[in-house]
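These notes concern the structure reproduced below.
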Amino acid sequence: MSGVDGGVLLRLDGLTAGYRQPVVGPLSLALRRGERLGVWGPNGTGKSTLLKAIGHAAQVFAGRVERAPGLRVAYLDQQPVRLPAMPITGRELLRAAGATTRGAPEALEAILRRRIDRLSGGQYQLLWIWSALATDADLVLLDEPTNNLDPGRRDRLIEILTTRHSDQALILVSHDRDFLQRTCSHLLDLENGEVKHA
Amino acid sequence: MLDPWLASLSDPLFRLPLLVGLLLAALLPVIGALLMLRDEWLAALGLAHVAAASALLGNALGLPTLIGGTAGALAGGALKTRFEARGNVAYAFMILVGWSATLLIGANTELGERLAHALVEGQLYFAGVSELIAALALIGAALWILPRILPQLLRSRFFPRFEQANALPAWRWHLRMDLLAAASLAIGTLSVGLMGAFALVLIPAWVTFQIAPSWRWTLIGSGLVGVTSYLAAFALALQLDQPFGPMMVAVLVGIAAIMTLLRSWPGSPSAS
């Protein structure tokens, strides 16, 4: 793909995206392997829309989203899918995502045999995030990953994100600026469109 | 006490219908589990209605009911994939269109009226070699298709952004599932009747969704509940000289009621 080289996995070039009309942009940035970009901004600034544009789920009005050839993407929405009954174990969910249980935190190991509809909201949320992180995806997009997490599990997630040895690139969208500052290498503030080192 | 039951199951006259129904009773609940996973359980009723209507239409045009019914249901399944009609609304329209067409064609042709009645009640006892071949072909197709699309269907349900974000040709596995469901419901409707096929798709899957410890056991359990209840219904219908379709539905509804009672019993895991 033209314009994506030198270890760059994703490049946004003057991107303006939205649905019926533009919601976010213009934005330009490059994301390299191993970098973690936190996207912050007040409600309505287009944080989730930016992820959707990268994940082919929003309309691009101007500019470009350039991906490295063969880029594999894992993309999680704000809320995990919840059905009235889900006779799927944690292990089966991870297998469906193509995720490994190797290196999973102890808290997850303990729930892998249980049905996911019998997990608490926080347990399911952590499992859901692990299902994206523990895949062979080059780029992981997480929208509001701290939803449903109590302070203890939020800390566990911070520990997972900061101690994992992986060359995956991450884009995390959150309203929780402290969480982003503790987990990301760079921060994008959508109020002014600037990328800064965290 | 079991002797008359076993005798009815081994009667040579009913051996072929028994076998046809047994194959369908093992497969339809598994299809039901997948439809329930996709929140499309109404598919069974929608496709069954379309199959019944197209069987009648085909009959009026001189085609065998098995060909007309299956072709109509397959067309319904393909159109649903083509227009990306997910969820129960698409199937609700199939029910209405199928119901209307079945009764209108039935009312305007002499043979159609009898056939429409038979499709609603079920005509398993008249199942012959062609129904057996159709059921075997369906099982063969399911054994070939399901292992290939099951992982994708699970991933698609729980990780709905994945396919789009990676520009995968998701329509391929959704189409295969829609066509397999359509063919299953068509052959099921033409053999065990419209409501019998619907009940075999819905109730075993509904029961196992409540109690199965895993997805693997949901699929196995659905098939087991289907086969067990089918054998009971077949024997009861013969012993009590009752039509098969309504008996099949009655047995399955009874199983669902027993399970609901057990789960609401004080001290049961779900009641506490």
Find the residue count for the range A:86-95, including only residues that are in contact with a helix residue (DSSP H, G or I) (Cβ under 6 Å, 6 or more places away or on another chain) and open to solvent by 20 Å² or more (accessible area, probe 1.4 Å). 1
Quick check: is even one residue across the range B:25-42 at pLDDT below 80, in a helix (DSSP H, G or I) and open to solvent by less than 60 Å² (accessible area, probe 1.4 Å)? no
Are any of the residues in the range A:39-50 open to solvent by 20 Å² or more (accessible area, probe 1.4 Å), touching a residue at least 40 places away in the same chain (Cβ under 8 Å) and touching a helix residue (DSSP H, G or I) at 6+ places or on another chain (Cβ under 9 Å)? yes
Residue within the range A:148-165 that is open to solvent by less than 20 Å² (accessible area, probe 1.4 Å), touching a residue at least 12 places away in the same chain (Cβ under 8 Å) and either more than 15 Å from the chain's Cα centre (by Cα) or at the interface with another protein chain (Cβ under 8 Å from one of its Cβ atoms) (or both) present: no
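Let's see how each residue does on (1) at the interface with chain B (Cβ under 10 Å from one of its Cβ atoms); (2) within 21 Å of A:R177 (Cα to Cα); (3) touching a Pro at 6+ places or on another chain (Cβ under 8 Å):
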{"site": "A:A62", "(1), (2), (3)": "no, no, yes"}
{"site": "A:R67", "(1), (2), (3)": "yes, no, no"}
{"site": "A:R72", "(1), (2), (3)": "yes, no, no"}
{"site": "A:I129", "(1), (2), (3)": "no, yes, yes"}
How about the range A:96-110: which of its residues are assigned to a loop (DSSP other than H, G, I, E, B), more than 13 Å from every other protein chain (Cβ to nearest Cβ) and buried (at least 19 other Cβ atoms within 10 Å of the Cβ)? A:A104
Kindly check whether there is at least one residue in the range B:221-235 that is touching a residue at least 60 places away in the same chain (Cβ under 8 Å) and outside any helix (DSSP H, G or I). no
Subset of the range A:130-150, residues within 15 Å of A:A107 (Cβ to Cβ) and at pLDDT below 90, comes to A:N148, A:L149, A:D150
Testing A:E194 on (1) open to solvent by 10 Å² or more (accessible area, probe 1.4 Å); (2) away from chain B (no Cβ under 14 Å); (3) modelled with pLDDT of 85 or more, one condition comes back false. Which one is that? (3)
Of the criteria (1) surrounded by fewer than 21 Cβ atoms within 10 Å (Cβ to Cβ); (2) part of a strand (DSSP E or B), which one A:A17 fails: (1)
When the residues of the range B:161-175 are filtered to those that are under 18 Å from B:A141 (Cβ atoms) and in contact with a Leu (Cβ under 9 Å, 6 or more places away or on another chain), which remaining residue is nearest to the other protein chains (Cβ to nearest Cβ)? B:W173
Quick check on the range B:232-255: of everything there that is closer than 23 Å to B:L34 by Cβ and open to solvent by 30 Å² or more (accessible area, probe 1.4 Å), which residue is farthest from the other protein chains (Cβ to nearest Cβ)? B:V249
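Can you find even one residue in the range A:63-85 that is under 30 Å from B:I211 (Cα atoms), open to solvent by less than 50 Å² (accessible area, probe 1.4 Å) and either part of a helix (DSSP H, G or I) or of a type outside the set (A, V, I, L, M) (or both)?
Within the range A:63-85, one or more residues are under 30 Å from B:I211 (Cα atoms), open to solvent by less than 50 Å² (accessible area, probe 1.4 Å) and either part of a helix (DSSP H, G or I) or of a type outside the set (A, V, I, L, M) (or both).
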Suppose we filter the range B:122-171 for residues that are without any contact (Cβ under 8 Å) to a residue 12 or more places away in the chain and charged (D, E, K, R); how many remain? 3
Counting only residues that are open to solvent by less than 10 Å² (accessible area, probe 1.4 Å) and more than 14 Å from chain A (Cβ to nearest Cβ), how many does the range B:145-155 have? 0
Between residues in the range B:240-266 that are without any contact (Cβ under 8 Å) to a residue 60 or more places away in the chain and among the small types (G, A, S) and residues that are surrounded by fewer than 16 Cβ atoms within 10 Å (Cβ to Cβ) and not in a helix (DSSP H, G or I), which pairs lie under 6 Å by C-beta distance while being six or more apart or on different chains? B:S264/B:A271
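The values are calculated or read from the model by the stated rules, or taken from the named source; none is laboratory data. Since the structure is predicted, the reported quantities are computational estimates derived from the model, not experimental observations. A quick note on method: Cβ atoms are made from the backbone with ideal geometry, for glycine too, and the neighbour counts reach across all protein chains shown. Heavy atoms of the whole protein, side chains included, go into the accessibility calculation; ligands, DNA and RNA do not. Shrake-Rupley method; radii C 1.70, N 1.55, O 1.52, S 1.80 Å.
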